[in-house]
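Each remark here refers to the structure printed beneath this line.
The values are calculated or read from the model by the stated rules, or taken from the named source; none is laboratory data. Please read these numbers as outputs of a predicted model, since none were measured by experiment. Positions of Cβ are backbone-derived with ideal geometry, glycine not excepted, and every protein chain shown enters the neighbour counts. For the accessible areas, the whole protein counts, side chains as well, though only heavy atoms, and no ligand, DNA or RNA atoms are used. Shrake-Rupley method; radii C 1.70, N 1.55, O 1.52, S 1.80 Å.
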Amino acid sequence: MKLNIFNKLLLSGLFAGAFMSAGATQLASGTISSLPVEKASLTRNGDTMTVAMDLCLDSYRLKGKKAVLFTPYIVNGNDSVELTPIGVYTRGRWYYYQRKEHLLGGPNAISYRYSKHLDNLSYEETVPYRIWMDGSHVAIKSETYTCANCLAAEEILNLDARYKEFHPVVVYQPVEEVLASVDVVKTRELSGRAFVDFPVNQTIIYPDYRNNTVELAKIIATIDSVKNDKDVTVNSISIKGFASPEGSYQNNIRLAKGRTEALKTYVQQLYKFPEGFIKTSYEPEDWEGLRDWVVNSNIDNKAGILAIIDSNLEPDPKNTKIQTTYPVQYKFLLANVYPALRHSDYVIEYTIRQFTEVADIEALIHTQPQKLTFKEMMKLADKYEQGSDEYNDVFEVAVRMYPDEPIANLNVANAALNRGDLVTAGRYLPKAGDSAEAQLARGNYAFLQGNYDEAGEYYRQAAETLPQAQILYQEFIEAGY
């Protein structure tokens, strides 16, 4: 901004007095050149700033052949904007300036001929809002003239009317309610699928047959991953065997059942689990697996094959109809799809112990967060200061592991708002719940996007129950939004 006379006064040290941080509508008063100034305020209304004050002219006294020009300013540091000045003239000065056709302050100035019965002036002027006005205040400069160009004295009055820039404030939702909840039994499952090969029509496992070494090792590795973990207790193992649809249904019952029992025996011999620990079931023919493959394929006559699979035919006639109706496709399925339908699905059910020591939780939060309940993670969060890097880091992990927890979504969104990351905040706010803290966060999000009406409504809702929101909502209103 161009440096005007008022700026020069600032730089020369004539501008004195402390700037008082006050609300945008706080009233201020003072006296300049014996003119009382009352109820001064500086308010923002969206894209404009308004200065308002009462000049108490009814008690003003001007003696001798003088004229005084009062010029209000909006000031912030070296930036300022000059407002419409007010000139007050004694009788002689009034006629003098009239003859010269040069009233002080120019043609737009407000001019008064001094008398004993001047009315008070309720002054108000609105100018465009500029970013530098955040933190600005009102000042008045008086210039006393004893002749046309004879500046006899000048004075500056700093008023306590100051525009306070509005800054959204995030409020993290406390974790006390989560900490007071009942501990959850941490029952988990690990599942897998093994393709153990058997010689045709046999139900005996040969560990070195074809790819059995790899497939059996998959099962063993899965069991060991939990059985050897000091924090885990294995509760049970379930194995379900499947055969493919070719051959007779009765023989496939025998194969599915026998091969499942063979796998159970193999595992039991390795681990010596208690009786009944390994549960088994079987599916003679995996028609569901066949259907899934066809649905996701581009095989010719796809619709016709699916129609046969979904029909009410018994298993043997169903397989035969596919074979006779679509022999080319059946040959492909038999060679490339049916082998994968002979599989054993296994599920290991286990329980993870409860972690009561914060140190244990801290050791697991980044290495094995799957072992922790949401409540346990909140125990760790409670150790840190709200909004700290450590606090936010816990919630970043928590929201990944428990993506539907409102408090996790809210506090991650709050952390994003604090760093100005609106993209991340917008991703998590929809699942942040309906708490007052969540409404406040949505208000902050709307404000930072420039949606002031929407922001105000969210602030209003949050202010109904949240003390911090009540303060913020008041500041929002006072800032002119």
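Quick look at the numbers
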| read-out | value |
| --- | --- |
| Carbon + sulfur, % of accessible area of the chain - ligands and nucleic acids excluded, 1.4 Å | 50 |
| Size of charge dipole - the chain - debye, nearest 20, with Cβ of Lys, Arg +1 and Asp, Glu -1, no other charges | 1360 |
| Computed Rg/Rh of region 422-478, alpha carbon atoms with Kirkwood Rh | 0.96 |
| Whole-angstrom gap from region 219-238 to region 91-140, using each part's C-alpha centre | 86 |
| Sum of side-chain charges, residue 222 neighbourhood, beta-carbon under 14 Å (Lys, Arg +1; Asp, Glu -1) | -2 |
| Anchor residue 257: lysines whose Cα lies under 25 Å away (excluding residues fewer than 8 positions away in-chain) | 218, 240, 272, 279, 318 |
| Segment residue 59-residue 271, extension gain: residue separation times 0.36 nm, minus the distance between their alpha carbons | 66.1 nm |
| Under the Karplus curve 6.51 cos²θ - 1.76 cosθ + 1.60, θ = phi - 60°, whole-Hz ³J(HN,Hα) for region 429-435, x wherever Gly or Pro sits | 4, x, 9, 7, x, 10, 5 |
| Nearby aspartates and glutamates by direct alpha-carbon distance to residue 321 (threshold 18 angstrom, same-chain neighbours under 8 apart not counted) | 246, 285, 286, 288, 300, 310 |
| Rg/Rh for region 345-426, where both radii come from Cα atoms and Rh is the Kirkwood radius | 1.04 |
| Estimated translational D of the chain in µm²/s (Stokes, Kirkwood radius over Cα pairs; 37 °C; 0.692 mPa s) | 107 |
| Neighbour net charge for residue 358 - beta-carbon separation under 13 angstrom, K R +1, D E -1 | -3 |
| Farthest toward positive dipole pole in the chain [+1 Lys/Arg, -1 Asp/Glu at C-beta], among 140, 51, 106 | 106 |
| Aspartates and glutamates with Cα under 14 Å of residue 141, excluding same-chain neighbours fewer than 8 positions away | 82, 154, 155 |
| Förster radius 41 Å - calculated FRET efficiency between residue 167 and residue 188 (Cβ-Cβ, nearest 0.05) | 0.40 |
| Ranked packing of 206-214, 461-469, 342-350, 135-143, most packed first, by mean Cβ within 10 Å | 135-143, 342-350, 461-469, 206-214 |
| Compactness index (Cα Rg / 2.2 N^0.38 Å), region 160-319 | 1.71 |
| Leading residue at positive end of dipole, the chain (Cβ point charges), from 181, 131, 90 | 90 |
| Unmatched cysteines, the chain - criterion: no other Cβ of a Cys under 4.7 angstrom | 56 |
| Relative frequency of Cα-Cα separations exceeding 17 Å in region 188-243, percent | 46 |
| Cα-only radius of gyration and Dmax that characterise region 233-313, units Å | 16.8, 50 |
| Cα point-scatterer Debye curve for region 384-481, base-10 log of I(q)/I(0) at q = 0.12, 0.18, 0.20 Å⁻¹ | -0.36, -0.80, -0.96 |
| Computed lengthening from residue 393 to residue 299, 0.36 nm per intervening residue step minus Cα-Cα distance | 29.0 nm |
